[in-house]
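The values are calculated or read from the model by the stated rules, or taken from the named source; none is laboratory data. Treat the numbers as computed from the prediction; the structure is a model and nothing was measured. Cβ placement follows ideal geometry from the backbone for every residue including glycine, while neighbour counts extend to all protein chains displayed. For accessibility, only protein heavy atoms count, side chains too; no ligands or nucleic acids. Shrake-Rupley method; radii C 1.70, N 1.55, O 1.52, S 1.80 Å.
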Amino acid sequence: MNKVDYLRISLIDKCNFRCQYCMPNDSELDYILSEELLTKSELLILLQEVFIPLGFTKFRLTGGEPLLRADLIEIVHEISNLSETKDLSLTTNGYLLEEKAEGLFLAGLKRINISLDSLNSDTFDRIIGNNSKSRWQKTWSGILKAYEVGFNPLKLNVVIIPNVNDHEILDLAALTIDKNWHVRFIEFMPIGNSKLFAEKAWIPSVDIREKIKNKWGLQESFISGNGPADVFKIPHGKGTLGFISQMSECFCDRCNRIRLSADGWLRPCLLNETGQIDLKKALREGIKTEKIREKVAQLLLIKPDINFKERESGTNIYQRTMSQIGG
Ligand code: SAM
Ligand code: SF4
């Protein structure tokens, strides 16, 4: 059985973008009330008394947009200073990074993933929705700032949607030629905006890879913290290209991760909603952390079965969007 030692922690479900693929565009989302968010001290209790004793050593902070969380720097500082933490990373849309990259780095964060689906300002604004105007430049400046500050590896997450940004595959891949950046193409999943997914469908990684290979050729490569990505590089390129193919390939047997939502729900599998437990409720009801740990340990035991559940049916309806789960 694969060791599950990686916790993805959503710190907030709110976001300053409304990406087409992540949130539905035709209805308002109910955001979690601030008193329902796990507090910093609740999160640290869960890490120190539940997850770390169960062998968790790798943590990723995500959201929603984690840079909107007011106590983010303190959270980073506390987690990076836990002696058991082997790896701490963060996924952000980059919009607020220009101001916040340095503070995060000094607080102990060394690894970052920034989402960037387009190099074209208009396409970018269309993807991130919200009637956004000219947000690309500030996001790009945030990426440059993160690079300058010293984040390494610096990964760029790209979701390709047919007829939206598929014409930019080569331009996005080319970012890895001159810079030590790591572009990761993530297959579009039907979580968040199933209407768009039904309308546009998705492009398998293998097609994206072929397109890049036809242009430059590709060599197999490696990058730390690559998780389920297949990693390649353009010959003589400084960075790498990763392909995360959770739709076209099943890597459930290798899954080493579990997700904690901003309101404290522990979710064993991204692609179905089976087996979730409400850890915040347990904490706030005064249940001893030993008992909570036992429950989590039991969930970890049944996780391999949950991973495959309903995977083949393709009929899953997700109650939560990626922004609410913590992608
Ligand atoms: N707001 C941050 C950001 O955008 O990087 C962190 C949260 S976001 C939910 C985390 C990642 O999930 C992003 O890289 C985003 O591209 C990805 N994502 C969101 N919805 C997705 C979907 N339907 N299919 C594939 N990836 C998705
Ligand atoms: Fe916000 Fe990230 Fe979702 Fe885009 S992908 S709407 S930036 S949470």
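Details
- Where a residue in region 117-138 is open to solvent by 70 Å² or more (accessible area, probe 1.4 Å) and its partner, wherever it lies, is of a type in the set (Lys, Arg), with Cβ under 7 Å and at least six apart: ASN130/ARG18
- Selection of region 272-297 for residues being in contact with a helix residue (DSSP H, G or I) (Cβ under 8 Å, 6 or more places away or on another chain), part of a loop (DSSP other than H, G, I, E, B) and of a type outside the set (S, T, N, Q) yields only GLY275.
- Residue tally, condition open to solvent by 10 Å² or more (accessible area, probe 1.4 Å) and either over 13 Å from PRO66 (Cα atoms) or in a helix (DSSP H, G or I) (or both), over region 80-106: 16
- In region 180-196, the residues that are more than 9 Å from ligand 1 (Cβ to nearest atom) and crowded, with 20+ Cβ neighbours inside 10 Å: TRP181, HIS182, VAL183, PHE185
- Criterion (more than 25 Å from THR62 (Cα to Cα), modelled with pLDDT of 95 or more and within 16 Å of ligand 1 (Cβ to nearest atom)) met by exactly one of ILE177, ILE208, ILE212: ILE208
- Whichever residue in region 61-79 is within 16 Å of ligand 2 (Cβ to nearest atom) and part of a helix (DSSP H, G or I) and, among such residues, is surrounded by the fewest Cβ atoms within 10 Å (Cβ to Cβ): LEU68
- Being in a helix (DSSP H, G or I) and out of contact with any helix residue (DSSP H, G or I) (no Cβ under 9 Å at 6 or more places or on another chain) is true of ASP171.
- Selection within region 107-116 - within 16 Å of ligand 1 (Cβ to nearest atom) and open to solvent by 10 Å² or more (accessible area, probe 1.4 Å): ARG111, SER115
- In region 115-139, the residues that are part of a helix (DSSP H, G or I) and touching a Phe, Trp or Tyr at 6+ places or on another chain (Cβ under 9 Å): SER121, ASP122, THR123, PHE124, ASP125, ILE127, ILE128, TRP136, LYS138, THR139
- When region 200-219 is limited to residues that are outside any helix (DSSP H, G or I) and open to solvent by less than 80 Å² (accessible area, probe 1.4 Å), the one that is farthest from GLY242 (Cα to Cα) turns out to be ALA201.
- Single residue of ASN165, ASN152 found to be farther than 22 Å from GLN324 by Cβ, out of contact with any His (no Cβ under 6 Å at 6 or more places or on another chain) and open to solvent by less than 20 Å² (accessible area, probe 1.4 Å): ASN165
- Cβ-Cβ under 7 Å pairs, at least 6 apart or on other chains, region 166-178 side under 12 Å from LEU156 (Cα atoms), far side assigned to a helix (DSSP H, G or I): ALA173/ILE212
- Taking region 236-254 as the range and being assigned to a loop (DSSP other than H, G, I, E, B) and either among the hydrophobic types (A, V, I, L, M, F, W, C) or buried (at least 19 other Cβ atoms within 10 Å of the Cβ) (or both) as the test, the residues that pass are GLY237, GLY239, SER245, MET247, CYS250, PHE251.
- For first residues located in region 185-212 and more than 15 Å from GLU168 (Cβ to Cβ), partners that are assigned to a strand (DSSP E or B) and within 12 Å of ligand 1 (Cβ to nearest atom) and lie 6+ apart or on another chain with Cβ distances below 7 Å form the pairs GLU187/ILE244; SER205/PHE185.
- Residue that is within 16 Å of ligand 2 (Cβ to nearest atom), under 25 Å from SER224 (Cβ atoms) and of a type in the set (A, V, I, L, M, F, W, C), where the choices are VAL149, VAL164, VAL159: VAL159
- A count restricted to region 1-59 and to residues that are over 21 Å from the mean Cα position of the chain (by Cα), within 16 Å of ligand 1 (Cβ to nearest atom) and surrounded by 15 or more Cβ atoms within 10 Å (Cβ to Cβ) stands at 0.
- Residues that are of a type outside the set (Gly, Ala, Ser), within 16 Å of ligand 1 (Cβ to nearest atom) and under 18 Å from the mean Cα position of the chain (by Cα), drawn from region 75-105: ILE75, VAL76, LEU88, LEU90, THR91, THR92, ASN93, TYR95, LEU96, LEU97, LEU104
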